[in-house]
Amino acid sequence: MDYTKLSKEISYALRHAPWEYELELDNEGFVPVEQLINAVNESGKYDRPVALDDLEHIIEVSDKKRHEIHGDKIRALYGHSVPMHISKEPVIPPDILYHGTTHKALDAIMNDGLKPMGRQYVHLSVDTETAVQVGKRRDNDPVILKIDALKAYNDGVRFYKGNDKVILADHVPQQYIMDEY
Ligand code: HQG
């Protein structure tokens, strides 16, 4: 079983294109696990049928907690771009959060703040290691921005739970982007 391929396909289905799998997300992004498994198995692109154990295995061994099984349902914890709004649990952020990005995006970010771009939320990291990992997807030497998160929260910016390393926000105005770490 190619678990990387399966994890990517699940993320694609649950974050970006549930309709391609005839899935309907509820307002927190959940779908019945059984429906997801059946949909993935229809393509027959794995060396054997995908089972619940495989999804549990991916969640357990992954370096990032991308998905969550709750009862008989599964969801992506962050990363959504679907048109329907996925509601996330509000949280009070820590004092400081980080965001790893590219040198290319820096001027625009310093002008407009952090915007969700193609996704529903801005993705922030709880530590610099995670931010570096995020930034390295697009820039070998990423820019790590330091966010004055608690101040932003106290001024009315809303934050939400992603996973233990990722916190989401609607928009982070540029005055809360303190400096490069
Ligand atoms: C940038 C992955 C111009 C932003 C990661 C980022 C994460 C702006 C890009 C998760 C901007 C959006 C999300 C502005 C922000 N002008 N560019 N005003 N504001 N940007 O992929 O945070 O492995 O949508 O800096 O690890 O990179 O898939 O967001 O570079 O946790 O599980 O616009 O996805 O997780 O890119 O990544 P993305 P992201 P997975």
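The values are calculated or read from the model by the stated rules, or taken from the named source; none is laboratory data. None of these values were measured; they are calculated from a predicted model. In this analysis, Cβ positions are derived from the backbone assuming ideal geometry, glycine residues included, and neighbour counts consider all displayed protein chains. These accessible areas exclude ligands, DNA and RNA; they are computed on the full protein's heavy atoms, side chains included. Shrake-Rupley method; radii C 1.70, N 1.55, O 1.52, S 1.80 Å.
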Contact list, first residue from the range 94-110 and closer than 13 Å to Val132 by Cα, second anywhere and of a type in the set (Lys, Arg) and open to solvent by 70 Å² or more (accessible area, probe 1.4 Å), beta-carbon distance below 8 Å, six or more apart or interchain, is Gly100/Lys136; Thr101/Arg138; Thr102/Arg138
Practice item. Answer with yes or no whether Leu23 is among the hydrophobic types (A, V, I, L, M, F, W, C), in contact (Cβ under 8 Å) with a residue 24 or more places away in the chain and not assigned by TED's automatic domain parsing to the domain that holds Lys165. Key: no
Residue hits (the range 15-47; open to solvent by less than 30 Å² (accessible area, probe 1.4 Å) and farther than 20 Å from Asp2 by Cβ) are Pro18, Leu23, Leu25, Gly29, Phe30, Val31
Item to complete: Tell me, please, whether a residue that is open to solvent by 50 Å² or more (accessible area, probe 1.4 Å), in contact with a Pro (Cβ under 9 Å, 6 or more places away or on another chain) and assigned to a loop (DSSP other than H, G, I, E, B) can be found in the range 140-154.
Response: no
Among Tyr160, Tyr153, the single one that is under 20 Å from Lys64 (Cβ atoms), of a type in the set (Phe, Trp, Tyr) and modelled with pLDDT of 95 or more is Tyr160
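Restricting attention to the range 1-36, which residues are farther than 25 Å from Ser87 by Cβ and not in a loop (DSSP other than H, G, I, E, B)?
Tyr3, Thr4, Lys5, Leu6
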Scanning for something out of contact with any Cys (no Cβ under 7 Å at 6 or more places or on another chain), within 14 Å of the ligand (Cβ to nearest atom) and over 27 Å from Tyr153 (Cα atoms), does the range 39-51 turn up at least one residue? no
Going through the range 124-168 in order, the residues found to be small (Gly, Ala, Ser) and free of Cβ contacts under 8 Å to residues at least 60 places away in the same chain are Ser125, Ala131, Gly135, Ala149, Ala152, Gly156
The strands (runs of 3 or more DSSP E) lying entirely within the range 62-107 that contain at least 3 residues which are within 16 Å of the ligand (Cβ to nearest atom) are 73-76, 96-101
Ser11 vs (1) open to solvent by 50 Å² or more (accessible area, probe 1.4 Å); (2) under 21 Å from Gly118 (Cα atoms): all pass except (1)
Inside the range 38-53, the number of residues satisfying the requirement of being part of a helix (DSSP H, G or I) and over 26 Å from Lys161 (Cβ atoms) is 6
- Condition test on Asp72, is it among the acidic types (Asp, Glu), touching a strand residue (DSSP E or B) at 6+ places or on another chain (Cβ under 8 Å) and buried (at least 18 other Cβ atoms within 10 Å of the Cβ)? no
